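Please read the structure below before turning to the comments.
The values are calculated or read from the model by the stated rules, or taken from the named source; none is laboratory data. Only a predicted model underlies this, so the values are computations on that prediction, with no experimental measurement involved. So basically every Cβ, Gly included, is an ideal-geometry build from the backbone, and we count neighbours across all protein chains shown. Only protein heavy atoms, including side chains, enter the accessible area calculation; ligands, DNA and RNA are left aside. Shrake-Rupley method; radii C 1.70, N 1.55, O 1.52, S 1.80 Å.
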Amino acid sequence: MNEIERRRTFAIVSHPDAGKTTLTEKFLLFGGQIQVAGAVKNNKIRKTATSDWMEIEKQRGISVTTSVMEFDYQNYKVNILDTPGHQDFAEDTFRTLTAVDSVIIVIDCAKGVETQTRKLMNVCRMRQTPVIVFVNKMDREGRDPFDLLDEIEQELQIKVRPLSWPINQGIHFKGVYNIYENNLNLFMADKQKIAEKVTVDIHSADLEERVGERDAQKLRDDLELIKEVYPAFDINTYRSAEVAPVFFGSALNNFGIKELLDCFVQIAPPPQEVMAEERTVSPEESKFSGFIFKITANIDPNHRSCIAFCKVCSGRFQRNTPYYHVRLDKSMRFSSPTQFMAQRKSTIDEAYPGDIVGLPDNETFKIGDTLTEGEHLHFRGLPSFSPEMFKYIENADPMRSKQLNKGIDQLMNEGVAQLFVNQFNNRRIIGTVGQLQFEVIQYRLENEYNAKCRWEAASLYKACWIESSDDAELEEFKKRKFQYMAKDREGRDVFLADSGYVLQMAQQDFKHIKFHFTSEF
């Protein structure tokens, strides 16, 4: 029970460029995991961000895949998942949200709430995941904090309660008043080290000396206003996802990060119950259960191995103990389960609910697989969405077809994109939700598998999985649409509609066929 209580598993999400990865770096700095924080984009600091370990991430300055990191802070064990913000990789982020107990949303103080943030918030709302908002980049000129709070309430449809408050912003930014602990923290801008904090009584003359008369008065007025407008902070409304606490700061310059982390470990929920199809699984149960929410190939380029990320839901996971793989209906044991620090990993002997364990994967796992001590459980909520962009993938180097096939197979297993084989001409079609994924696949095939591919345009509109209780009608449909029928990796029938009109007519003409737009049905 002690181990469960001290676990905090959360994801950091936001629109691209709001500062997720930089915030992750600073958390690792406070957790003592790294001595110098890397930068996502900075020529002076030669160190790249710890969580952006893929070569393409270092070059582009964006996160392409979710990174898992864990560290100890105060007496808590923190598991942190830095997710990609770019919408082309949203599927990875949606899946990651199934494995966390709370979320920190990062918002840029100049841009406010952006599209991707809204989508991610919808997922959190569906799953009733508690949310903390961090308003970043306060050292740049941005919007008025009160206007931002109003926008967050309207756009994200959640009540807010500020727990820290900025003193000015942009070049006049002087620090943050910590409402949660009732003290003032003045900071010096330093990108790589942790600054000392000064504690000042809000009503003393000392405040004027430190921030000047005008700012001191404005801070007192703002705090009065906050007290009147927003109800007092209540941990239960936060944990039931009704209220989002808001913090202000600058991740790059270490403003307001410690306040966020100190408060977060105290108020964030420990591992929660997880809904399986059969029943609700509680973390306090003695028997182990967990599910695979992500697979990554080539974390270590020297070994060409895949790692499956397993979220422990209940019981205790132990090394070398046989566990039951529900989908394959067989027992498996793991001699080298690992814990992560982005790309660096270390072997562990046990893990508790809330922990993320890396299991070596020789193509035995698929996303959504369940491991238990013998019980038949299925955890749901890890869908693959219907792709919206399609290209034929062709081998550009006939001497390396084996490498290409292996590369495609492993990358598809990760869930970065989906592979369909056209039944008419046996050509392979890759479907994604965004253009950037094609570039990432091509880059990774070349650099990780030493295989070259080339893309050819496929003018398709949407992929839908089809099923029907009327076999005759299904056969008739497949005959009529023979050119547009494909199989996915599971061997299921997929209809590749070449226009919205064709799809609409198919749905009208074939009344007994169900068209699904996610792979989970």
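Basic side chains Lys and Arg get +1 at the Cβ, acidic Asp and Glu get -1 at the Cβ, and with that the dipole of the stretch 220-293 about its Cα centre reaches some 220 debye.
Remark: spin-label model distance Glu439-Val421 equals 3.1 nm, labels positioned 7 Å along the Cα→Cβ axis. Checked against a 21 Å cut-off, the cross-linked pairs Lys287/Lys330; Lys402/Lys479; Lys20/Lys137 give Cα-Cα distances beyond that limit for Lys402/Lys479. Computed in the context of the full set of protein chains, the accessible area of the stretch 351-437 at 1.4 Å probe radius has 48% of its extent on carbon or sulfur. A straight chain from Glu277 to Asp470 at 0.36 nm per residue would run longer than the Cα-Cα distance by 66.8 nm.
For Lys481, the aspartates and glutamates whose Cα comes closer than 17 Å to its Cα, not counting residues fewer than 8 places off in the same chain, are Glu467, Asp470, Asp471, Glu473, Asp493, Asp498, Asp509.
Counted residue by residue at 0.36 nm each, then reduced by the alpha carbon distance between them, the extension gain from Lys287 to Val229 reaches 16.2 nm.
Can you pull out the chymotrypsin sites (Phe, Trp or Tyr not before Pro) in the stretch 391-486 that DSSP calls coil and that have at most 15 other Cβ atoms within 10 Å? In loop regions of the stretch 391-486 (DSSP not H, G, I, E or B), the sparsely surrounded chymotrypsin sites (Phe, Trp or Tyr not before Pro) are Phe424, Tyr461. Sequence-ordered 3J(HN,Hα) estimates for the stretch 216-221 from the Karplus curve with 6.51, -1.76 and 1.60 and θ = phi - 60° stand at 4, 5, 4, 4, 5, 5 Hz, glycine and proline given as x. Accessible surface calculations at 1.4 Å, restricted to protein heavy atoms, place the stretch 334-453 at 40 Å² per residue.
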